[in-house]
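Q: There's a structure below that I have some questions on.
Each value in this text was obtained by applying a stated rule to the coordinates, not by laboratory testing. Predicted model, so just to flag it, every value in this text is computed and none were measured. Cβ placement follows ideal geometry from the backbone for every residue including glycine, while neighbour counts extend to all protein chains displayed.
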Amino acid sequence: MISAAGYSLASTKDVASQITCRVPQTTEAACLGAAILAAVGARTGTDIASCVDHAVHFDGTIEPDGGEACRYDRRYGLHGKLYPALRALHGEMSSHSD
């Protein structure tokens, strides 16, 4: 299991079980992205791609696991049935006022 800044990525592994994912060092991706755009906007960086190459670093890689992919596919199929199954109930709940 890979962890970044004390956060476990075990749950990420389930989501990423079908693709290879590179794990970034930063847990503040939005802030890093804003800083990159600011550098380009202030003309201290040449372009977005070169700023990303300079600022974004990775801790490791999560590789696909065939067994996990099968489990994920089964669960995704069940998840796809949830919204239609609960749609009427959600409408009923929103029409009631407490």
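Q: Label-point separation (nm) for Gln25 and His96, each offset 7 Å from Cα along Cα-to-Cβ?
A: Once both label points are built, they end up 5.3 nm from each other.
Q: If each residue of separation counts as 0.36 nm, what is the full-extension length gain between His79 and Thr61 once their alpha-carbon separation is subtracted?
A: The His79-Thr61 span can extend by a further 3.8 nm.
Q: Checking the a/c ratio against 1.5 first, then a/b against b/c, what shape does the Cα gyration tensor give for the stretch 23-98?
A: Values: a/c = 4.34, a/b = 1.71, b/c = 2.54.
Oblate.
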